[in-house]
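The values are calculated or read from the model by the stated rules, or taken from the named source; none is laboratory data. These numbers were taken from a predicted model, which means no experiment stands behind them. All Cβ positions, glycine included, derive from the backbone under ideal geometry; neighbour counts span all protein chains shown.
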Amino acid sequence: MRAFAYERPTTLADAVALLAEHGPDARILAGGTDLIIRLRDGTYAPSVVVDVKRVRELAPAITQTDGALRVSAGTVMTDIHDSPLMQRWFPALVDAARFVGSVQIRNRATLAGNICNASPAADTVPSLLVYDARVHAIGPAGERTIPLDDFFVRSGVTTLQPGELVTAIDLPLPSGRVGSAFQRRTRRRGHDLASVTLAVALDDAGTTRLAYGSLGPRPLLFVSEGGAPPLDDWFAAARPSPTSMRASPDYRLAMLRVLTQRAMAAARERLEAAA
Amino acid sequence: MQVSLTLNGRIRTVDVAPHHTLLDALRDDLGLTGTKECCLVGECGACTVRLNGRIVDSCLVLAAEADGGEVTTVEGLAPDPGQLTRLQSAFIDKGAVQCGFCIPGQLMAGDDLLRRVPHPSRAEIEEGLAGNLCRCACYEQIFAAVEVTAAGEAPAESVAAESSSVRELPPHVVDQ
């Protein structure tokens, strides 16, 4: 690994100042499960690594606030799937978090890091999208909130501005009954990246939400406010990579249909069980 | 930079470069070579250690991140040198060890699983050890070792390593 300087701020103000000072020469270190691989293979060669795990305001926490569950940026996947609040309100996110990497990776990888990497195959993103997650970010220009659907551009690129970092992710608590489910296709059970990853949420007002990933440069969200959802139109937006070694485009498109049906059935069952 | 950590119950301070990993520090600076370096991308689990109560791939943690933390390596699983935990003895009894390279990581993950889930199902064992690859493909024997430990069938804790070395070989191991 190429040498770099290591900074370990303890306040958000210090973290923002360090990122502003070093600009593009700095990289944020949260869980490190992606960053350290890229530092080692030379994809990234920052002069400064800013470790945000000791920032007080970002300490691991899942709290109920303002009609939402707030997940701080330091919260790891293990915290997500072990949280009774998450299990009660957001089972599709719990199921997705359980599928990330291995125990060792889930103990380290943060939810915020999963979205900031903007991988099209990110396991937690379809669930976060169907739950209408909002991203809190802070930077030199102050704080702002970004709907998650406006956060992704393409693989590895987000709408975060230079010097901005994510502080928390909010999941709005539903006002009525909701049934939701997560589905994922991999080449092998266990540690693998998804060939298709998706989530469905249905509510008692008749709304259908579908989000899928690994089928184009960024995960996509579709919402139908009532009646039969136009699934064929939604599937037509998929753009699976023609060159991926993980799965052929035809296979991914076929599995998208199958997994959507399975997720719809599971979500319907959960919606009825919530009655 | 100076990094202080509680390593297998002892406070140790080392001078490490910021770009060196916890794995580098354990093996090269602290002389604990039980933790293995293998894939360096968090896939194989050979470098698994416990950090602040949770297992991690030490190849994906900077040494600096462990500053002030508590680290347990395979050398620290048993209470004293020359002793083995019940899980370690069960690995020997079940013939779970072939080349041995992945075993420190397997033991750390198995130990972690049994701390969290004292009586795991087969599926929970498979998931608990999914981050640890064994290229000798001893998975059945490794899972069996975890199962008998959970069932209380493994030899009592703190079996002396010396006596384990004269233990009869499991039936499927050919004595050469």
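Structure values in brief
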quantity: Given (1) under 27 Å from A:Ser155 (Cβ atoms); (2) free of Cβ contacts under 8 Å to residues at least 12 places away in the same chain; (3) of a type in the set (Val, Ile, Thr), index of the condition A:Thr63 fails; calculated: (1)
quantity: Qualifying position, being surrounded by fewer than 17 Cβ atoms within 10 Å (Cβ to Cβ) and modelled with pLDDT of 95 or more, among A:Asp233, A:Asp203; calculated: A:Asp233
quantity: Any hit, the range A:4-16, residues being within 14 Å of chain B (Cβ to nearest Cβ) and under 21 Å from the mean Cα position of the chain (by Cα); calculated: no
quantity: Selection count, the range B:121-138, where residues are more than 8 Å from chain A (Cβ to nearest Cβ), of a type in the set (D, E, K, R) and in a helix (DSSP H, G or I); calculated: 2
quantity: Unique residue being over 18 Å from B:Gly34 (Cα atoms) and not acidic (Asp, Glu) when the list is B:Ser121, B:Ser89; calculated: B:Ser121
quantity: Of all residues making up the range A:25-65, the number that are buried (at least 17 other Cβ atoms within 10 Å of the Cβ) and modelled with pLDDT under 95; calculated: 0
quantity: Subset of the range B:107-120 [part of a helix (DSSP H, G or I) and farther than 12 Å from A:Val103 by Cα]; calculated: B:Leu107, B:Asp111, B:Leu114, B:Arg115
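For every residue, the table says whether it meets (1) over 30 Å from A:Val48 (Cα atoms); (2) acidic (Asp, Glu); (3) modelled with pLDDT under 95.
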residue	(1), (2), (3)
B:Arg54	no, no, no
B:Pro79	yes, no, yes
B:Asp93	yes, yes, no
B:Pro104	yes, no, no
B:Leu114	yes, no, no
B:Arg122	yes, no, no
B:Gly128	yes, no, no
B:Glu153	yes, yes, yes
